[in-house]
Amino acid sequence: MQLTNEELRVKIDELKKKLSVTVVAHFYQRDEVFEVGDITGDSLELAMKTKEDNAEFVLFCGVGFMGQSVKVLSPEKRVVMPKIACCAMARMIDSMYFDESVKYLNDNGIPNENILPITYINSNADVKAKVGEMGGMVCTSSNAKKIITKALGEGKKILFVPDRCLGQNIANQMGLKSMVIGHEGNPQECDILCYDGFCSVHQLFTVDDIAFYRKKYPGILIATHPECDPAICDASDFVGSTSQLIKYIKEQPEDQKVAVGTEFNLVNRLRPKNTYVLSSTKPECPTMNETTLQDVYETLKAIDDGEPINEIEVDEKTQKWAKIALERMLEL
Ligand code: 13P
Ligand code: SF4
C-alpha cells in the first residue's frame with residue numbers, strides 16, 4: 001500500500017532520530033524532499049557543510065556528482081543517494097573528452113604547461129581527478145569569478161569544462177576573451193577556452209521570454225543563473241548562483257515583480273507573490289526531480305535494515321586527485 005506524504009514524513013522523522021544519518025538536499029529538490037533536509041543549500045554550501053558533519057551516513061538528495069563530491073572530500077563517510085541521478089551537463093564530459101580537449105589546445109600551439117584546467121562542480125569525479133592532476137581546481141557558480149581571477153594570476157590559458165555558458169558569462173563579466181572549443185575563434189587569442197557542454201534546463205530561457213515579461217510588467221526585474229546562455233545573462237538585471245538568486249529576490253520589496261531564470265522547484269518556493277518563472281515551458285530538472293519522499297524513506301529503511309542501497313564509491317586514485325581539485329577551491 002502506498003503511504004501518503006504525511007505518513008512518510010512521520011516514518012522518516014522516526015528513522016532520522018534512530019540512525020546516525022544526515023539528510024542533505026539541494027534547492028532544486030521537490031518541496032516535500034527539500035523539507036526533510038537537515039542541510040540544504042547550493043552546491044558549494046552543501047559541499048562545505050557536509051564536510052563538517054559528523055554523522056556516519058550522508059543521505060544525499062541531489063544529483064550524482066554532488067554525492068560523489070561528499071565522498072571524495074570525506075572518504076570515511078558512507079554516502080547514499082535515494083536516486084543516483086546523473087546531471088545532464090555532467091554526463092556531457094568524461095576523462096576521454098577531457099583529454100581530447102587538452103589535445104585540441106596542444107594542436108593549436110598551447111602546451112600543457114600553459115594550460116590551467118578548471119572544472120565546474122557539475123562534473124563527475126573522473127573529470128575532477130584529471131583537472132586535479134593537471135594542477136587545476138573546481139569551481140561552482142557562486143565562486144567561479146574568484147577562482148578564475150586566481151587562476152589567471154598564474155599567466156596560463158584556462159580550459160573551462162564542462163559548461164560553456166558559465167565559462168563565457170564569467171569571461172564577459174571580467175572583460176576576458178573566450179571561445180568554445182571546436183567553434184569559431186583563435187585559441188591563441190583567448191583567455192578562457194570553454195568545453196561545449198551546457199545545461200538543457202537553463203537553455204529553456206530565451207531573450208523573447210525576457211522581452212515578454214518586460215513588456216507585460218514594466219519595471220520587472222530579471223534574475224538568472226549563469227548556466228543560462230550569455231545573451232540571457234547580458235539582458236538580465238542580476239545573475240547569480242542559486243543561493244545568490246534567493247538572497248537577491250528576498251531582499252526586494254514585496255511589491256517588486258521578479259522573473260527568475262532557474263529550476264522550477266526553487267522559483268516556486270521563493271515568495272508567495274510577484275515571482276514568475278522566466279519561461280513558458282516549465283523548467284524542471286528531470287534528474288533532480290527523480291528523488292521522491294518514498295525513495296528517501298526506502299533509503300533510510302535500508303540503512304536501518306543493515307543493507308544500505310545506492311552507496312557511492314570512488315576508486316582511490318580518482319578520489320585522491322578529485323579531492324585535491326576540490327580542496328584547492330575550498331582553500332579559497
Ligand atoms: P548551484 O551551484 O547554484 O547550486 O547550481 C547547481 C546546479 O546544478 C545548477 O543547475
Ligand atoms: Fe544538471 Fe542542469 Fe539539472 Fe543543474 S539543472 S543538475 S546543471 S541538468
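The values are calculated or read from the model by the stated rules, or taken from the named source; none is laboratory data. What you see is a predicted model, and the numbers here were worked out from it, not measured in a lab. Heads up, the Cβs are rebuilt from the backbone with ideal geometry, glycines too, and the neighbour counts pull from every protein chain shown. Note: areas computed on protein heavy atoms with side chains; ligands, DNA, RNA excluded. Shrake-Rupley method; radii C 1.70, N 1.55, O 1.52, S 1.80 Å.
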Can you divide the C-alpha Rg of segment 54-186 by 2.2 N^0.38 Å and report the result to two decimal places? 1.11
Taking the alpha-carbon set of the chain, what are its Rg and Dmax in Å? 20.3, 64
In square nanometres, what is the average projected area of the Cα convex hull of segment 1-61? 4.4 nm²
Cβ neighbours within 10 Å, averaged per peptide: list 134-143, 249-258 in order, most packed at the top. 134-143, 249-258
Greater than 25 Å separation of Cα atoms is the criterion. Which listed pairs, Lys216/Lys250; Lys77/Lys317; Lys128/Lys282; Lys247/Lys320, meet it? Lys128/Lys282; Lys247/Lys320
Per residue of the chain, what 222 nm ellipticity follows from adding -39500 (n - 2.57) for every DSSP H run with n ≥ 4, rounded to the nearest 500? -12000 deg cm²/dmol
Please report the antiparallel percentage of DSSP beta bridges with both residues in the chain, rounded to the nearest 5. 5 percent
Please work out how much length the chain gains when fully extended from Leu176 to Glu251, using 0.36 nm per residue of separation minus the C-alpha to C-alpha distance, in nm with one decimal. 24.0 nm
Express in Å², to the nearest 10, the accessible area of Phe238 obtained by rolling a 1.4 Å probe over the protein heavy atoms while all chains stay in place. 50 Å²
Let me know the shape class of segment 238-332, please: from the alpha-carbon gyration tensor, a ≥ b ≥ c as square roots of the eigenvalues, rounded when a/c is under 1.5, otherwise prolate if a/b is greater than b/c, or oblate. oblate
Accessible area of Thr287, 1.4 Å probe, to the nearest 10 Å²? 20 Å²
For a quick protection proxy, order the peptides 199-205, 57-63, 21-27 by their average other-Cβ count within 10 Å, most packed first. 57-63, 21-27, 199-205
